[in-house]
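The structure appears below as structure tokens.
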Amino acid sequence: MPTTKQLFDPFFRYAARAPVHIAPERGRELAEEVFGAEKWALLPSESEANFYAIPQDKAIYLSYAGLASLWCVAHAAFHIADIASRDQRAAKQPGQTEIDIGAKLAARRISDYLAYATVLFRADRDWPIELPPPEINPSFDTAGGRVNNVFFGALSWILLHEIAHVHHGDQKLIPVHLLVRQEYRADDFATRWILDEAGNGLHREFRVLMVVAALTWLFLQEKVVGIGSDHPAAILRFREAATLFQMGDRSVGLENAGYILKAVLDPTTPAPQFDTPKQLFEWVSRRLEALFPVS
């Protein structure tokens, strides 16, 4: 069985370009005003699924297990959105009031990919022999190419979060409430960087979906390892990001985000019918508040 290092070292080699590709209009700003003339390092790690920065070293670490875990979530996200959006638009049977994508997801073994993604939060593990592994360079117009597009899009938000820690010179040996404030600031930096100059068309729709894919990974991580004292709860991070989305009632990005969050985090609760994608997303958001309560 291949290791996560064997499979994801090629992905690691492309990772540094993800923040530029997600918001190419800000590439020069990233190079000149954030990175500047100082040398930064993007380094691999062989720990459990995790991403972190050491600001004093200007270093960001991506674990191979973290890349594998995020890829599995991206794989699930693409297929969930693909199946659900197609079924939602397909002709319905008389009296049919809801769609059921469970059988199609099972055929694509989505739950197995998500199960492996969650295992990696505890420790690095070899890739399951029964699951088809990722390809680094599939054709863009294939399912594999689109999964990789989601993966690098979600990774861009995570990387921009870590870039913010380094850019702001964040500290570790400070009171917990200040650590949490740093995390909120890093999230805000990442979300605004991706969305502020995205306009109001398909670019924004895609970028909102990528932020949600990254946050879905954070929700799964929290389900496995719990809420750390130095990070906000995932639901609080989700709330803050969602306030910046600013999408219309018919947003395709919000529609697919709702399908992904529902299928990954709340697959068994029946969903009512909605007139607009925004209503779907708002209902799923309320369900997340119930599933991930904070005091």
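Things worth noting here:
- Per-pair calculated FRET efficiency, R0 = 41 Å: residue 295 and residue 112 via Cβ, rounded to 0.05: 0.75
- The calculated P(r) of the chain, using every Cα pair and 5 Å bins from 0, goes 1, 5, 12, 16, 19, 18, 14, 8, 4, 2, 1, 0, 0 in percent.
- With all protein chains kept in place, the per residue accessible area of the range 81-232 amounts to 50 square angstrom at a probe of 1.4 angstrom.
- Proximal aspartates and glutamates to residue 223, defined as alpha-carbon separation beneath 20 angstrom and excluding residues fewer than eight positions away on the same chain: 48, 112, 124, 183, 187, 240, 266, 289
- The slack in the chain from residue 225 to residue 249, taken as 0.36 nm per residue of separation less the alpha-carbon distance, amounts to 5.1 nm.
- For the pair residue 126 and residue 202 in one chain, pulling the backbone fully straight at 0.36 nm per residue adds 23.7 nm over the alpha carbon distance.
- With the simple spin-label model, which puts each label point 7 Å out from Cα in the Cβ direction, the residue 135 to residue 9 separation comes to 2.2 nm.
- The range 137-221 - convex hull of the alpha-carbon atoms, volume per residue in Å³: 119
- Considering only the range 1-70, percent of DSSP beta bridges that pair antiparallel, nearest 5: 45
- Subtracting the Cα-Cα distance of residue 47 and residue 88 from their residue separation scaled by 0.36 nm leaves 10.7 nm.
- Averaging the sequence gap over all C-alpha pairs within less than 8 Å and six or more residues apart, then dividing by the number of residues, gives the chain a relative contact order of 20 percent.
- Residue order by solvent-accessible surface for 87, 126, 196 is 196, 126, 87, largest first, with ligands and nucleic acids left out and a 1.4 Å probe.
- DSSP-defined antiparallel bridges as percent of all bridges, the chain, nearest 5: 45
- Taking 7 Å steps out from each Cα toward its Cβ at residue 54 and residue 269 produces label points 4.1 nm apart.
- Surface composition of the chain: carbon plus sulfur atoms hold 52% of the accessible area, using a 1.4 angstrom probe and ignoring ligands, DNA and RNA.
- Radius of gyration (Cα atoms) of the range 183-294, expressed as a multiple of 2.2 N^0.38 Å: 1.03.
The values are calculated or read from the model by the stated rules, or taken from the named source; none is laboratory data. This one's a predicted model, so the numbers in the text were calculated from it and none came from an experiment. So basically every Cβ, Gly included, is an ideal-geometry build from the backbone, and we count neighbours across all protein chains shown. Accessible surface areas use protein heavy atoms only, side chains included; no ligands, DNA or RNA. Shrake-Rupley method; radii C 1.70, N 1.55, O 1.52, S 1.80 Å.
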